[in-house]
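Structure first, then comments.
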Amino acid sequence: MMNIILFGPPGSGKGTQAENLEKKYELLHISTGDLFRYEIGNQTELGVLAKSYIDKGELVPDDVTIGMLKNKVNANPDVKGYIFDGFPRNEYQSEALDNFLAEKGQTVNALLQLDVDDEEIVKRILNRGKTSGRTDDNDESIIRNRISVFNDETAPVYDHYDKSGKSTKIDGIGSLEDIFGRLSAAIDAAV
Ligand code: UDP
Ligand code: MG
């Protein structure tokens, strides 16, 4: 099994690149943000709860997010591994992921961080907001709060996996093909 965390601030290109990596390496791409949006679309209890946090750019509570992630993994055991996109989002979630995978005799093999500066992020997300239909993509103050939450709560996840030498920074500026090449090279080097 090969388990990859695709990491980086909002709008850094995780979702786009994860879809291509999913095909190349035959992994299952799990985006917790997409799972929340599916629940929101179906107006489930989980979706209504998640929306109240997402609309402010805050993190959905750990127990809700971790439970949903575990369900998705457990429902899809017959894969070569997982690409986690947008999860874990804080240190507690990374420990929960480590324990969950350890129970299955698995581990996180690599964390790849896409580096993109703040002004580029704001520009990209506002641009995505024109077509994404996402309320959290249309308001600059929500976008800036998402960046702050990333810096304050999520960035420590990089250090968590860096302790075991699993974290790598990738330049997230350039053509999609170039960035895909950088990510592929880092995955090949990690396994
Ligand atoms: N979110 C969260 N936990 C997750 C994934 C998403 O709390 O594990 C929430 C959070 O409010 C975030 C929003 O969902 O701002 C959108 O996350 P997503 O990863 O889809 O957006 P991206 O960061 O890729 O732009
Ligand atoms: Mg995303």
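Relative contact order of the stretch 60-191, taken over Cα pairs closer than 8 Å and 6 or more residues apart, is 30 percent.
Normalised by the number of residues in the stretch 18-134, the mean separation of alpha-carbon contacts (under 8 Å, six or more apart) gives a relative contact order of 27 percent. Where only DSSP H runs of four or more residues are counted, the chain gives -17000 deg cm²/dmol as its mean residue ellipticity at 222 nm, each run worth -39500 (n - 2.57).
Restricting the calculation to alpha carbons of the chain gives Rg and Dmax of 15.7, 43 angstrom. A viscosity of 1.002 mPa s and a temperature of 20 °C, combined with the Kirkwood radius over C-alpha pairs in the Stokes-Einstein formula, give the stretch 91-144 a diffusion coefficient of 155 µm²/s.
Within the stretch 74-169, all pairs of alpha-carbon atoms sorted by distance into 10 Å bins from zero give the percentages 13, 39, 29, 18, 1.
Give the lysines whose C-alpha is closer than 30 Å to that of residue 169, dropping any in the same chain fewer than 8 places away, or say none. Leaving aside lysines fewer than 8 places away in the same chain, those within reach of residue 169 are 14, 23, 24, 56, 70, 72, 80, 104, 123, 130. Each of 120, 26 has some number of other Cβ atoms within 10 Å of its Cβ, and from fewest to most they run 26, 120.
Cα-based radius of gyration for the stretch 14-119, normalised by 2.2 N^0.38 Å, reads 1.09.
Taking other C-beta atoms within 10 Å as the exposure proxy, 19, 119 rank 119, 19 from fewest upward. Amide H contacts of residue 106 (H built 1.01 Å from N, in plane; Pro and chain starts excluded): no residue 5 or more places away or on another chain comes under 5 Å.
Where a number appears in this text, it was derived from the coordinates with a stated rule and is not lab data. Given the structure is predicted, the values throughout are model-derived calculations rather than measurements. No Cβ is skipped: glycine too gets one built from the backbone with ideal geometry, and neighbour counts run over all protein chains shown.
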